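A quick write-up on the structure given underneath.
The values are calculated or read from the model by the stated rules, or taken from the named source; none is laboratory data. This structure is a prediction, so every number in the text was calculated from the model and none was measured. Reconstructed Cβ throughout: ideal geometry from the backbone, glycine too, with neighbour counts over all protein chains shown. All accessible areas refer to the heavy atoms of the entire protein, side chains included, with ligands and DNA or RNA removed. Shrake-Rupley method; radii C 1.70, N 1.55, O 1.52, S 1.80 Å.
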Amino acid sequence: MSKTDRAKKRAAEKASRVTAAPVVALAATPRPAKRGKARMREIRVEQDPQKAMLKARARRWGKPEGQWREMRDPWWGCEAGGAMASVIPSHKDRQEYWEAIQHVRAAIIAFDRAIGAPNRHAQCLRLLLPLEELSADSTTPPADRRSDEEKQDQAVLGMQVIEERIGRSGPGPMAEVMRVVVDDHRARDPAAMVLALGHVVDLRRGR
């Protein structure tokens, strides 16, 4: 047997002894769990009792799922506030118009009480508190010393001022304010409502 034949034989024997290495599938490396501040932020969000409510607000006003935190602003909690915010982009302006909405509602409530009208909305159960004045501090508003007659007169005057102001935009916007702001119905014309509320904003500015 020649050297060439012997070399080929050795190479064939060596190749027969070598087995292919098994292919081992590598498992996906698990992502490390968040720790520290990042994890605490996740826990706070998961345990936030208001999360479901805020997400419901986001769905109601057509906001993307990731923007539910914006719904913490108080105006998103009612029809008038949400309709106003859908028209006004500025946060500062929204705050002013939200205060105007609250102003109109306060005037309506005071007027209803003055004339002995029933509550327009269902009232939640309240704890019975004594009628006498309790201890006060620097943040407590002063006691109302007005007589019943003075309260009634001022409530009627306040209602007349509000009606005159929101009526400046015409009967349509005025009716929209009363229907949405006062009765909490869904807005049909948010822009008209905001137009009428602008006169209340001017009133609060002293114009």
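Between Asp189 and Gln154, what is the FRET efficiency for a Förster distance of 35 Å, r being their Cβ-Cβ separation, to the nearest 0.05? All intermediate terms of the calculation are to be shown ahead of the outcome.
Values: r = 32 Å, r/R0 = 0.90.
It comes to 0.65.
Sorting Asp202, Asp183 by accessible area puts them as Asp183, Asp202; the probe is 1.4 Å, largest comes first, and only protein heavy atoms count.
For the stretch 48-101, with all protein chains in place and a probe radius of 1.4 Å, 51% of the accessible heavy-atom surface sits on carbon or sulfur. For His185, the amide hydrogen comes within under 5 Å of the amide hydrogens of Val180, counting only partners 5 or more places away or on other chains and with H modelled in the peptide plane. Projected label points at Arg205 and Gln50, each 7 Å from Cα along the beta carbon direction, are separated by 2.9 nanometres.
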